[in-house]
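In what follows, a single structure is set out as structure tokens and then discussed.
The values are calculated or read from the model by the stated rules, or taken from the named source; none is laboratory data. Owing to the predicted nature of the structure, the values given are computational and were not obtained by experimental measurement. Please note: Cβ atoms are built from the backbone with ideal geometry, for glycine as well, and neighbour counts cover all protein chains shown.
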Amino acid sequence: MRWLNIFIIVLLFAACSEPQTASTSPQAQAQTDANVQSETERLNAWLDAQYEEQLEFSPQTRTRLGDKTDYDQLDDYTLAGQLSELEWLRNSVSTMQQEFDYEALSEDGKLSFDMWAYGLEQAQSRVPYMNHGYIFGRGGPHASLPSFLISYQSLDTEADVQAYLSRLGEIDRVFMELLDRSRQAAADGIRQPRFAYDFALAEIERVTAGVPFNTSDDSPNSPLWVDLQTKIQALVDEEVLSADSAQTYLSQAQNILANEVLDANTQVAQWLEEDREFAFAQSQGAWALPDGEAYYQHRLKLMTTLDLSADQIHEIGLAEVARLRSEMEAIKNQVGFTQSLQDFFVFTREDPQFYYPNTDEGRQEYLDINNEYLDFINEKLPEYFGLLPKASLIVSRVESFREQAGAAQHYRAGAPDGSRPGVFYSHMSDMSTLAKFQIEDIAYHEGNPGHHMQISIQQELTEVPRFRTQYRTTAYTEGWGLYAEWLAKEMGGFEDPYSDFGRLAGEIWRAVRLVVDTGIHAKQWSQDQAVQYFLDNTPIPEGAVRSEVQRYFANPGQATAYKIGMMAFQEARANAEAALGDDFDIRTFHDIVLGAGAVPIPMMHARVERWIQESQQ
């Protein structure tokens, strides 16, 4: 109806016989503007209240945001709990549609309205597939919950210690809720590849290794135990806790870990061992799951926010791989390598000069060079961006219990209030998976001007409803990260040809993902077929390739978001440059796309188009 009304208005103006239209008086325009501002402010206040209500469904989200409300509770992971939140969201969107005049909102108010409604659309689309995700798979709750407590559960008061112990005591409840869902999924024929069972079992073993889970004389302290002891000792040093109180709390924690937490992990491990025998020995994609084709299409839309079929994405990937191979050929020739591109891939993949030693000294060198690249690019940021992040960034090795040789580096956002920095994590157990020529590229993707910059700016927005500061769409977030790699060359990065080769390797890596992910989940590719295509078209070390391919089996569709999102940003910029010519300003363009947060791709394009039209008036 909204578009029909606009169409009728346009027709009425076109049919008007007078060559001139009456202009709006300044007083009338001022009143209209005031009404728009009032309605938008009313919506913003209402959405903030709604988001606060929604956070009641997730104490863990509150903690990630730096809010200690319900600090002693973990989330409800039952299907009933998730459906309850969905029903709440349905009612919320219905109320919004009834109580607010969409046409009376500002353009940014309309965007907030649309995004809140889009959240419901996404949530409803997941309902048929709520058990299709592999719960106790790679990086599942057995690893993510300990990581959550270590990374997010800060202890500043004695009440915080009590909350920590309460959450330790909640782990068995969470595991049992998720184990019930896993059993139901298996009964419905939904099983992850066999290698993912092995992966999860190894993670559980690492989490529960050492004291207080294992108390033999030569056992080290477990990661959770080290974290809690360190945090409580800091409170003793600050005289927040007495030594006696600290010992009492540590004894309580030790008892919870050695009993309820260990028992919950043991039950999950036993089930994984038993169910593993029913999983396919040869890895199969989403096509093999119940309603697998529809599930995969759902995942593609969820990840890209676009209506692209698996075949379309596959063809885009093939075309991009071909284009990028030609650019890599040019760099191969530039450095004087006379053999084939495939030989050059093998050379850069295997020659020791491209890797740091697998020692603590080598790991520190790796961290140091990351910081050098980030320091360089930070000085360039004001030339390309008006909006700049306030939050700090640190580069760190992944915690030992969740470290995986060859796994992708990743970013974890800081607290919106700046109390916790953003962290760029690297898996460093095997330095032969971390090529020197890729360091610069990945630093810009995970740090600035990539994830850290985009997410920090979004969290620091003050004139939008709070939910928009935390809203994530994979195509936008990961697409921006890949666009940031491409942009960094324009900003003066990648002067070394091997680093520039690494940039292209990073981009072709994401183009290969389009081919491989759709190959696995829509075209029934085997794991070996996917690995071989990867090795044939990238210089990525084989260990990293195998880890990547297993990731794609475990998380259908997610890998397609990077390149599709990057191309969307490039398209939006190209359109703006063509339309505005000499009036195009790169700083303003970047502020336009970053200043709204991680919106769905169609909404990003619409925002840029409005800016173009306003600039041309």
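When TYR134, TYR197, TYR129 are screened for being within 25 Å of ALA408 (Cα to Cα) and under 23 Å from the mean Cα position of the chain (by Cα), only TYR134 passes. Contact map, segment 527-544: first residue in the same structural domain as ARG513 (by TED's automatic domain parsing), second residue in a loop (DSSP other than H, G, I, E, B) and of a type in the set (S, T, N, Q), Cβ cut-off under 6 Å, separation 6 or more or different chains; pairs are GLN527/SER283.
Reported count of residues in segment 24-64, each being small (Gly, Ala, Ser) and modelled with pLDDT of 95 or more, is 3. Looking only at segment 53-110, count every residue that is outside any helix (DSSP H, G or I) and either free of Cβ contacts under 8 Å to residues at least 24 places away in the same chain or of a type outside the set (D, E, K, R) (or both) and tell me the total. Total meeting the criteria: 16.
Can ARG323 be described as over 28 Å from GLU403 (Cα atoms) and either at pLDDT below 95 or not polar (S, T, N, Q) (or both)? Yes; evaluated as a whole, the condition is true for this residue. When segment 393-419 is filtered for residues that are within 13 Å of GLN459 (Cα to Cα) and surrounded by fewer than 18 Cβ atoms within 10 Å (Cβ to Cβ), the ones remaining, listed by number, are ASP417, GLY418, SER419.
Scanning segment 231-259 for residues that are within 27 Å of GLU205 (Cα to Cα) and either touching a strand residue (DSSP E or B) at 6+ places or on another chain (Cβ under 6 Å) or among the hydrophobic types (A, V, I, L, M, F, W, C) (or both) gives ILE232, LEU250, ALA253, ILE256, LEU257, ALA258. Restricting the search to helices (runs of 4 or more DSSP H) fully inside segment 252-366 and requiring at least 1 residues that are closer than 30 Å to SER182 by Cβ and charged (D, E, K, R) gives 262-276, 292-304.
Residues in segment 476-486 that are buried (at least 24 other Cβ atoms within 10 Å of the Cβ) and among the hydrophobic types (A, V, I, L, M, F, W, C): TRP480, LEU482, ALA484.
For (1) exposed (fewer than 14 other Cβ atoms within 10 Å of the Cβ); (2) in contact with a Gly (Cβ under 6 Å, 6 or more places away or on another chain), each residue gets a yes or a no:
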| position | (1), (2) |
| --- | --- |
| ARG206 | no, no |
| GLY210 | no, no |
| PRO220 | yes, yes |
| LEU224 | no, no |
| ASP237 | yes, no |
| LEU241 | no, no |
| LEU250 | no, no |
| GLN254 | no, no |
| VAL261 | no, no |
